[in-house]
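Note sheet for the following structure.
The values are calculated or read from the model by the stated rules, or taken from the named source; none is laboratory data. It should be emphasised that the depicted structure is a prediction, and the values quoted were computed from it without experimental measurement. Cβ placement follows ideal geometry from the backbone for every residue including glycine, while neighbour counts extend to all protein chains displayed. These area figures cover heavy atoms from the full protein model, side chains too; ligands, DNA and RNA do not enter into them. Shrake-Rupley method; radii C 1.70, N 1.55, O 1.52, S 1.80 Å.
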Amino acid sequence: MRLIVCCFLFLTAFCSAVCAQQVQQQIIPQSSTTLPPLQKPISVLDSVVLATKVHQKFVADSIAMQYIKAPDSALNRQFIERTLKENLYTGKYFLDIPAKSKSTLMEGHPRQTRDQWVIVLLLGLLVYTGLLNIFLNKDVKTVLQSFYSKRIVTQASKEEGYINFWSFVGLFLLFGFTFGLFLYQLANYNNIYYRISGVRLFVSLSFIIIALFAVKFVALKILGFIFDINKLVTEYVSVLYLTYFNIAFVFLPVAICFSLLDAKFVPYLLAIAVALIVIIFTWLYLRSSVNIISNFRFHKFYLFIYLCALEICPVLILIKALNI
């Protein structure tokens, strides 16, 4: 009986081992066919590229979720509460709202600012004019009196050097800088732009004006020497610089008002300035020029050529060049 039991256990163990070996032989070939082929080792650069692509995909998915996912309810509630608190009317049936609002807050318009250095320049010109009046009081007084005193104009035209050289230079510089500042302000008012701007534009305009009028005086002296009419040219030049210096005292207050007045008053200021300049030219320049020319008999065609060449044409060229 014991022998039979041992034989049964031996046969059972032997059959189990044979079955397990057959099952293993069937599984190993099938699993070996499903294994992926061996890959090459990944370099550091490839891993960086792969990580970058993964991050880009993550960012794209996150951005896309903003248009798909519903907004946070807490943020939406806070926004609604703040909007209602700021704009919701909580009065007494609208009876406490006045018919006319006392508030001066209204919708405005952009204010056109002006250059601050212009104020400093105007103060400098005022100080410069005051110094001229202190040190060259006699000549400055002569220039101002020449507007209404015919005797002073006649005396200045008869005597060469009636106004000394330094007074002439000082007043001529005042005329050039005040006229240049006036043209600069006029260009800004009309929104005319050039290649340069600011202080450089003002300095350029001033030196152009000084150079043009200086060339004009020199050309007159040369013409007087060539045609042997030095006396006539001297009288005429005296009338010219007295006229220009009187105009300089007009341009200075006009430039000050141009910088301080509101833009809506500028047309009236320009009209007053043009009227004063016309009055000075009519009363001082034309009156004295006619008296000088009447003493010399020559053809009026020469007078017309002179006026076109040295009086009218330079002014037109200056206006055209400045595009005013």
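Run the 1.4 Å probe and let me know the accessible area of Cys257, rounded to the nearest 10 Å². Around 50 Å² of this residue is reachable by solvent.
Spacing of the modelled spin labels on Val266 and Lys216, each 7 Å from Cα toward Cβ, amounts to 2.5 nm. Couplings for region 52-58, taken from phi via the Karplus curve 6.51 cos²θ - 1.76 cosθ + 1.60 with θ = phi - 60°, read 5, 4, 5, 5, 4, 5, 5 Hz in order; Gly and Pro are left as x. Surface composition of region 123-241: carbon and sulfur make up 68 percent of the accessible area, probe 1.4 Å. Quick one: which of Lys150/Lys320; Lys150/Lys264; Lys138/Lys264; Lys216/Lys264; Lys141/Lys320; Lys150/Lys221 span more than 32 angstrom between C-alpha atoms? Over 32 Å apart, Cα to Cα: Lys150/Lys320; Lys150/Lys264; Lys138/Lys264; Lys216/Lys264; Lys141/Lys320. Evaluating 6.51 cos²θ - 1.76 cosθ + 1.60 at θ = phi - 60° for every residue in region 167-182, the Karplus couplings come out as 5, 4, 5, x, 6, 5, 5, 4, 5, x, 6, 5, 5, x, 5, 5 Hz, glycine and proline recorded as x. Looking at region 169-324, the accessible area is 55 square angstrom per residue; that uses a 1.4 Å probe and ignores ligands, DNA and RNA. The heavy atoms of Asp139 offer some 10 square angstrom of accessible surface to a 1.4 angstrom probe.
Scaling the Cα radius of gyration of region 190-271 by the globular reference 2.2 N^0.38 Å produces a ratio of 1.49.
Here region 137-238 is treated as a sphere whose radius is the Kirkwood value from Cα pairs; by Stokes-Einstein at 25 °C and 0.890 mPa s it diffuses with a coefficient of 157 µm²/s. Ordering Tyr302, Tyr241 by accessible surface, largest first, gives Tyr302, Tyr241; the 1.4 Å probe counts only protein heavy atoms, with every chain in place.
For Glu81, Glu235, Glu86, Glu159, the ranking by accessible surface with the largest value first comes to Glu86, Glu81, Glu159, Glu235, using a 1.4 Å probe.
Per residue, the convex hull spanned by the Cα atoms of region 165-324 measures out at 121 cubic angstrom.
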